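To start, the structure itself, in structure tokens.
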Amino acid sequence: MTPINLIFFFIFGLIIGSFINVVVLRYNTGFSFMKGRSKCFSCGKILSSLELIPVFSYLFIKGRCTSCKSKISIQYPLVELITGLIFLITFWKIGLTLFLPLYLIIFSVLISISLYDFKHKIIPDGMMVVFNILTLFAWFLTHSFQGQFLIPSLLDLFSGFILFSFFAFLWLVSGGKWMGFGDAKISLGVGWLLGLSGGIFAIMLAFWIGAIWGIFVILLKKLNVFCSSITIKSEIPFAPFIILGLFIQFFLEWNLASLMKILAQ
Ligand SMILES: [Zn+2]
């Protein structure tokens, strides 16, 4: 693992992140992902090849359209950077293995789901189906490579359903107020990707991160009283927290034993 390799995957991630921006923008709009160049929302100016370079072009044009000077959302370079980092970390974590392309695709789908959820407060079923099929495939690959289709691995197969039931229960009891049904559907794949114990840790992380974010939002709202220029939406989608929890857990591989070790120190 040389620095060149790491830089390569980071840049590869930046480019895929740029593609994710386009996909999410055009998803369910009838526009093709492949055809047609991106353009400015305000004046319709078609972006030049230079302006399509991830992150750098945004810095270079200082976040404004070169033609009409209207502001371009920080979302674009942010999604590119996050995707770049996730690609770099994933490569660092699992190296050049057969699993690498599969995990990179799964994480790209997850980034798309998060972005769509942030923008529209809903998770498209199409993306969800792709995510769940890919994680089931990853589960299958992991277990067939180890050459053991034994009872513990069967438990992992059910782990998706167990996590799903947990969120479906919260959704049902609260009438959709605490959790959306989309959160239940996404936890299906979380279980398949991380197994039962890993999946539970990912969900736990998601609740922690969600709580911290919630406090942050409340504080910002308090500030809002003094400074009216800050506006923050109170309705927070939960799926991005589940996805963040999944990614941290994928990276740290926490389990009860390692947690006890940390707590004992
Ligand atoms: Zn413009």
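The values are calculated or read from the model by the stated rules, or taken from the named source; none is laboratory data. Just so it is clear, the structure is predicted and the values come from calculations on it, not from any experiment. Cβ coordinates were reconstructed from backbone atoms using ideal geometry, including for glycine residues, and neighbour counts include every protein chain displayed.
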Completion exercise
Every listed condition ((1) more than 25 Å from M127 (Cβ to Cβ); (2) modelled with pLDDT of 80 or more; (3) touching a helix residue (DSSP H, G or I) at 6+ places or on another chain (Cβ under 7 Å)) holds for S67 save (3)
Problem - Candidates S70, S18, S38, S48, filtered to the one that is within 16 Å of the ligand (Cβ to nearest atom) and either touching a strand residue (DSSP E or B) at 6+ places or on another chain (Cβ under 7 Å) or in contact (Cβ under 8 Å) with a residue 24 or more places away in the chain (or both) - result: S70
Fill in the blank from the handout: The condition of being in a loop (DSSP other than H, G, I, E, B), more than 16 Å from L163 (Cβ to Cβ), at pLDDT below 90 and among the β-branched types (V, I, T) holds, among I236, I215, only for I236
Fill in the blank from the handout: For region 46-60 the number of residues that are modelled with pLDDT of 80 or more and part of a loop (DSSP other than H, G, I, E, B) is 3
